[in-house]
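Chemist: Let me give you the structure first, and then I'll get to my questions.
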């Protein structure tokens, strides 16, 4: 089944063509206009998507050697995300599907991240424990089968990806901050200082990162400018260790509690080198298989949207032309027919 997927939830305009699990093409156009503002400006993001959506779709079709008429179905992110950005993708796909009289499906962006682990015939099996880590989400989900989600852990305040970006900003690092923190952390001493792990005294699968951000801010403010600059890599390494330790401890404990031997990590923070190494090592200690998407599928991309859409289309799910964009959509929600 050939599916064209489209992703426009934030600041990447992406289109992809997949043939079942095989990615034929995956084009991602990142919006550099936001760099000067230190974060995503929603209105600028929407305008950039309007300019890029057709050229990006045409480029991915050309790379796949296919046409719109060749597609068996279409998939598009309809939430969560920036409302204006989402509407660009939703309306493009609705128009194409209507003209070609082909089925289409609205895909939850977070579900797309989950299905990034199922691209290119990855050997992921059920039951599966999925750790979702991104700029807006930190969740642990149990999956007994495809499209079956049971939320057992979530952040009570800030998402881990947001914590990375905010810490980077307060340390004076460029946007996007997460990769910058990871790069410096590889050069630093994670034992330089010990930052607190949120909810460490509770036997919960939930997360909290607001206290960690505050601890880094207070620690950095106590240092003089010269000392802070001299130990920037050490501060990043110590912060990253605390952030990652919370993810690994709760995820491994959840897997053991639910007697699940497969863990899949999804979302932009899945690209973090510290998390990949620590989760793999912990999984080996407890004989648990740990899967990460290929690096190109960790951040926002349309291949993951196409793969999640494929799964829903194969299960008979369809959206109609009344599909809207839902900026606060939850993973467990389905609004495909509205």
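Just so you know, all these numbers are worked out from the coordinates, no wet-lab data involved. Predicted model, so just to flag it, every value in this text is computed and none were measured. Backbone-built Cβ (ideal geometry, glycine too); neighbour counts: all protein chains shown.
Chemist: So how tilted is helix 302-314 from the main axis of the chain? Cα-based, degrees 0 to 90, rounded to 10.
Modeler: Result, in degrees: 60.
Chemist: Once the Cα atoms of helix 160-170 and of the chain are each reduced to a long axis, what angle between those two axes, in degrees from 0 to 90 to the nearest 10, is obtained?
Modeler: 60 degrees
Chemist: Of the residues 134, 238, 328, which exhibits the maximal mean-square fluctuation in a Gaussian network model of the chain defined by a 10 Å Cα contact cut-off?
Modeler: Highest fluctuation among the options: 328.
Chemist: Calculate, for residue 221 and residue 154, the FRET efficiency according to 1/(1 + (r/R0)^6) with r their C-beta to C-beta distance and R0 35 Å; round to the nearest 0.05.
Modeler: Rounded to the nearest 0.05, the efficiency is 0.70.
Chemist: In the Gaussian network model of the chain, springs joining C-alpha atoms below 10 Å, which of 201, 256, 312 carries the largest mean-square fluctuation?
Modeler: 201
Chemist: If you average the sequence gap of Cα pairs under 8 Å that are 6 or more apart and divide by the length of the chain, what percent do you get for the contact order?
Modeler: 25 percent
Chemist: Convex hull volume of the Cα atoms in the stretch 124-292, per residue, in Å³?
Modeler: On the way: hull volume 17.2 nm³, N = 169.
Hull volume over Cα atoms, normalised by residue count, gives 102 Å³.
Chemist: Once you have the Cα-Cα distance between residue 230 and residue 210, take 0.36 nm times their residue separation minus that, and quote the gain in nm to one decimal.
Modeler: 4.7 nm
Chemist: For the residue pair residue 249 and residue 318, what label-to-label distance in nm results when each label sits 7 Å from Cα along the Cα-to-beta-carbon direction?
Modeler: That separation, rounded to one decimal, is 5.0 nm.
Chemist: Which one, 44, 247, 275, has the greatest fluctuation when you compute a Gaussian network model over the chain with C-alpha springs under 10 angstrom?
Modeler: Of 44, 247, 275, the most mobile in the Gaussian network model is 44.
Chemist: Right, here's the next one. Using Cα pairs closer than 8 Å and at least 6 residues apart in sequence, work out the relative contact order for the stretch 124-292, in percent.
Modeler: Computed value for the stretch 124-292: 27 percent relative contact order.
Chemist: Percent relative contact order of the stretch 61-105, based on C-alpha pairs within less than 8 angstrom and at least six residues apart? Intermediate values should be presented prior to the final figure.
Modeler: Values: 36 pairs, mean separation 19.5, N = 45.
About 43 percent, as a whole number.
Chemist: Measuring from centroid to centroid over Cα atoms, what is the spacing of the stretch 82-107 and the stretch 252-274 in Å?
Modeler: Taking the Cα centre of the stretch 252-274 as reference, the centre of the stretch 82-107 is 32 Å away.
Chemist: Considering the Cα trace of the stretch 243-319, what is its radius of gyration and what is Dmax, both in angstroms?
Modeler: According to the Cα coordinates of the stretch 243-319, Rg and Dmax are 14.6, 44 Å.
Chemist: How tilted is helix 273-285 with respect to the longest principal axis of the chain? Cα atoms for both, answer in degrees (0 to 90, nearest 10).
Modeler: 80 degrees
Chemist: Treat the count of other C-beta atoms within 10 Å as a stand-in for reagent exposure and order 74, 192, 239 from fewest to most.
Modeler: 192, 74, 239
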